[in-house]
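The values are calculated or read from the model by the stated rules, or taken from the named source; none is laboratory data. Since the model is a prediction, treat every value here as computed from it, not as a measurement. When we count neighbours, we look across all protein chains shown, and the Cβ atoms used for this are built from the backbone with ideal geometry, even at glycine.
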Amino acid sequence: MELLVLGCSGSACGPESAASSYLVRHDGFGLLLDFGPGAFGALHRWADPTLVDAIALSHLHPDHCLDLCAWNVGAQYSPTAPWPVVPVYGPAGTAERLARAYEPEPGGQSPWRCEFRTWAGSQQIGPFTVRTAAVPHSAEAYAIRVEAAGHSLTYSGDTGPSTALVDLAHGTDLLLAEASFTHAEDLPAGIHLSARQAAEHAAAAGAGQLVLTHIPLWQDPQAQAAEAAPHFAGPQQLARPGLRIDIA
Ligand SMILES: [Zn+2]
Ligand SMILES: [Zn+2]
């Protein structure tokens, strides 16, 4: 199983990275985790849109889903269109939410080259067993664990401190964890993790390695890495566009 980071800028597209988007591949099947602004372009730079066989949305904040609209334009109007219809997994109401962004003709045919499906606790997506856990955030949000061939990756999505995330990530090979905040004792509850908290979640879950992501462009990534470092003993690094990790 391979993780390819397409975008890792937190809360918005940054000057050097798209917003959240990660391609997980195994056995020729590509599962895209989140599709934030700028990720459709990054998909062309680092991979190929035809490598996406399914799309999974952790939640419906704009920085995690809006480039589904860009993808859909490519799927219908690019020289290689029409692209195969792909499933899009997300919270309840994903189709209605994305329709408002895409603004199809009232009463017209569905404009989507995808089928919307609501998250279940566990589902098979191609070669992947994919489990979700609801996590605390300012919208309905899920952490996502992807398993294949005895290996696993767990993506926090956007979350505040969460025992559900620790449980979902138990023994995972790689925890891809958001680190939006600089640590403080009076952080707003149930919104995001600090870099220290991301590392503490990796340690509590017994993760094999930690990748810090979703660092907003107004934060210093090196400071976030330094904050996390003492709190997780395993290998850890910052996500960056084009980063590939073979999870084996
Ligand atoms: Zn976000
Ligand atoms: Zn969010």
Item to check | Meets criteria (within 16 Å of ligand 2 (Cβ to nearest atom), at pLDDT 95 or above, closer than 25 Å to G90 by Cβ and under 16 Å from the mean Cα position of the chain (by Cα)) for S152 | outcome: no
Checklist outcome for this item: Per the list (1) surrounded by fewer than 23 Cβ atoms within 10 Å (Cβ to Cβ); (2) in a strand (DSSP E or B); (3) of a type in the set (V, I, T), residue check on T154 breaks on (1)
Checklist outcome for this item: Condition set in a strand (DSSP E or B) and either within 15 Å of ligand 2 (Cβ to nearest atom) or of a type in the set (V, I, T) (or both), scope segment 177-194, selection surrounded by the fewest Cβ atoms within 10 Å (Cβ to Cβ): answer is F181
Checklist entry - Checking D167 against (1) in a loop (DSSP other than H, G, I, E, B); (2) loosely packed, with under 14 Cβ neighbours inside 10 Å, which single condition isn't satisfied? => result (1)
Item to check | Residue that is nearest to the chain's Cα centre (by Cα), among those in segment 127-146 that are more than 10 Å from L165 (Cα to Cα) and within 16 Å of ligand 1 (Cβ to nearest atom) | outcome: A141
Checklist entry - Quick check: anything in segment 16-30 within 16 Å of ligand 1 (Cβ to nearest atom), without any contact (Cβ under 8 Å) to a residue 60 or more places away in the chain and more than 20 Å from E140 (Cβ to Cβ)? => result no
Checklist outcome for this item: Per the filter on segment 99-149, residues within 16 Å of ligand 2 (Cβ to nearest atom) and either of a type outside the set (S, T, Y) or touching a helix residue (DSSP H, G or I) at 6+ places or on another chain (Cβ under 7 Å) (or both) are A101, W119, A133, A134, V135, P136, H137, A139, E140, A141, A143, I144
Item to check | Sole exception among (1) at pLDDT below 95; (2) surrounded by 24 or more Cβ atoms within 10 Å (Cβ to Cβ) for G36, by number | outcome: (1)
Checklist outcome for this item: When Q222 is run through (1) free of Cβ contacts under 8 Å to residues at least 40 places away in the same chain; (2) over 20 Å from T163 (Cα atoms); (3) buried (at least 18 other Cβ atoms within 10 Å of the Cβ), the failure sits at (3)
